[in-house]
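Heads up: the structure comes next, in structure tokens.
The values are calculated or read from the model by the stated rules, or taken from the named source; none is laboratory data. Worth saying up front: this structure is predicted, and the values here are computed from it rather than measured. So basically every Cβ, Gly included, is an ideal-geometry build from the backbone, and we count neighbours across all protein chains shown.
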């Protein structure tokens, strides 16, 4: 991901580019709540960030717009001219339609308008993780997977239909369809089920808190069930599996 030829799907290297130290620390705290992310550095302006990017592979940049010396848009344009494929989440108070359109055309994975909630920031991080895992898997993608990547709300094809447990569901606010699909696919691979949220969280590279939110949703949708596992050699544990 970060360089011209780099593509990793196990753990993502992240930088924060933000000139406000307080905001940078808040972003850092939010980022540390999501598993599978490694913070490589915090940079107070685009110039220093670009110097780092030229010599170090970075998967994701959390990028502010208003910064001295080199603003977020100038930095992003320079990154693309250099052929850097680093994913970008824009964090800014600017919400002008033309500006948002330009950032989208430059390939940002998400655009957060200040002030934003912790849940919305974490959702953006998880969206990026899901996108990297899907596109970096080397697998052939289903139409639904492509729609999720493109942010499409197109109606899924009716013929042929995938198994019911993989049918796209209407996800509540705060849950991301790509992350939901990622967790469902992981559970399908682990046919014996997962002991507790932590085992599943380690599998998909997300936090236990995040995985628990999705498991609760999937249980409400009738997609997963929880059973008590007494074969642990110690205290019984809860095992989650697809129905």
Boolean, residue 179 is modelled with pLDDT of 60 or more and either under 24 Å from residue 29 (Cβ atoms) or in a strand (DSSP E or B) (or both): yes
Residue among 47, 4 that alone is modelled with pLDDT under 90, within 15 Å of residue 79 (Cα to Cα) and either touching a strand residue (DSSP E or B) at 6+ places or on another chain (Cβ under 7 Å) or surrounded by fewer than 19 Cβ atoms within 10 Å (Cβ to Cβ) (or both): 4
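Within the group 84, 75, which residue is surrounded by 21 or more Cβ atoms within 10 Å (Cβ to Cβ), at pLDDT 90 or above, over 17 Å from residue 125 (Cβ atoms) and out of contact with any strand residue (DSSP E or B) (no Cβ under 7 Å at 6 or more places or on another chain)?
Being surrounded by 21 or more Cβ atoms within 10 Å (Cβ to Cβ), at pLDDT 90 or above, over 17 Å from residue 125 (Cβ atoms) and out of contact with any strand residue (DSSP E or B) (no Cβ under 7 Å at 6 or more places or on another chain) holds for just one of 84, 75, which is 84.
Yes/no per residue for (1) within 30 Å of residue 208 (Cβ to Cβ); (2) touching a residue at least 12 places away in the same chain (Cβ under 8 Å); (3) within 17 Å of the chain's Cα centre (by Cα):
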site: 14; (1), (2), (3): yes, yes, yes
site: 24; (1), (2), (3): yes, yes, no
site: 35; (1), (2), (3): yes, yes, yes
site: 46; (1), (2), (3): no, yes, no
site: 54; (1), (2), (3): no, yes, no
site: 61; (1), (2), (3): yes, yes, yes
site: 77; (1), (2), (3): no, yes, no
site: 82; (1), (2), (3): no, yes, no
